[in-house]
Amino acid sequence: MRYLIDGYNLIYAMGMLRKRAGPTGLLKARRGLLGLLRGAYGEDASQVTVVFDARGAPAGAVEEEDYEGIHVRYAVHQEQADDLIESLIQHHSAPRQLTVVSDDHRLQQAARRRQCMAVGCGDYIDWLARHRQERKRRSPEGETKPEHVSEHETERWLQEFRDLADDPALKEVFDPFDFEQGEDRPRQ
């Protein structure tokens with residue numbers, strides 16, 4: 001683990017959730033964040049651990065899971081994610097190599113006490129945008145983007161994000177597209 005991220009803290013800082021959200025909204029926000037991180041880190045995704053409060057965890061959630069290489073933890077046995085993050089900081093074997101991402105002052109202080117890098121969410125979001133651009137520029141010349149996505153892949157992504165078009169918080173994102181009622185695909 002090289003990056004330890006306060007999941008909901010970053011989600012709110014990114015504007016992915018603005019108000020209280022039900023389980024579906026939290027699930028969408030978690031998936032959105034994890035997908036963004038997976039895209040940004042690529043093969044280095046295993047260096048990332050994201051911690052979420054258990055109260056917003058999926059029903060029957062386990063304490064740990066893997067999301068396409070990203071290590072995901074739910075604070076199942078703690079009252080808050082902050083408690084679990086602080087414990088992970090305290091027990092990390094190489095704290096100087098750990099970057100803690102959170103705006104929470106308690107977590108930033110815990111990170112500094114162990115000589116970890118503490119980064120606020122705003123700075124991390126800026127770094128993440130630069131990092132994604134650098135990864136795009138460094139991609140091998142022989143590696144090209146496929147002309148078309150397979151039908152299977154298209155269906156997989158449509159199923160994954162099928163409820164997003166109906167989410168009021170994302171309305172402005174989908175307004176430019178003309179979705180027909182009851183259909184999963186935009187009109188061409």
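The values are calculated or read from the model by the stated rules, or taken from the named source; none is laboratory data. Given the structure is predicted, the values throughout are model-derived calculations rather than measurements. Cβ sites come from the backbone with ideal geometry, for glycine too, and all protein chains shown count toward neighbours.
Of (1) within 24 Å of A118 (Cβ to Cβ); (2) under 12 Å from the mean Cα position of the chain (by Cα); (3) touching a residue at least 24 places away in the same chain (Cβ under 8 Å), R31 satisfies all except one. Which?
Every condition holds for R31 apart from (1).
Step by step: first the residues of the stretch 1-15, then only those that are in contact (Cβ under 8 Å) with a residue 60 or more places away in the chain and among the aliphatic types (A, V, I, L, M), then the one that is nearest to S87 (Cα to Cα). Which residue is that?
Looking at residues that are in contact (Cβ under 8 Å) with a residue 60 or more places away in the chain and among the aliphatic types (A, V, I, L, M), I get L4.
Collect the residues in the stretch 110-134 that are in contact with a strand residue (DSSP E or B) (Cβ under 8 Å, 6 or more places away or on another chain) and without any contact (Cβ under 8 Å) to a residue 12 or more places away in the chain, keeping them in residue-number order.
Within the stretch 110-134, R112, W127 qualify.
Of (1) modelled with pLDDT under 70; (2) within 19 Å of G39 (Cα to Cα), D184 satisfies all except one. Which?
(2)
Criterion first (under 25 Å from R20 (Cα atoms), at pLDDT 80 or above and in a helix (DSSP H, G or I)) does L170 satisfy it?
The answer is no for L170.
Within the stretch 135-143, can one find any residue that is surrounded by fewer than 10 Cβ atoms within 10 Å (Cβ to Cβ), assigned to a helix (DSSP H, G or I), at pLDDT below 95 and not charged (D, E, K, R)?
No, that holds for no residue.
Return yes when Q108 is of a type in the set (S, T, N, Q) and in contact with a Lys or Arg (Cβ under 7 Å, 6 or more places away or on another chain) and no when it is not.
no
Taking the conditions exactly as written (surrounded by 15 or more Cβ atoms within 10 Å (Cβ to Cβ) and more than 17 Å from Q80 (Cβ to Cβ)), does L34 satisfy them or not?
It is true that L34 is surrounded by 15 or more Cβ atoms within 10 Å (Cβ to Cβ) and more than 17 Å from Q80 (Cβ to Cβ).
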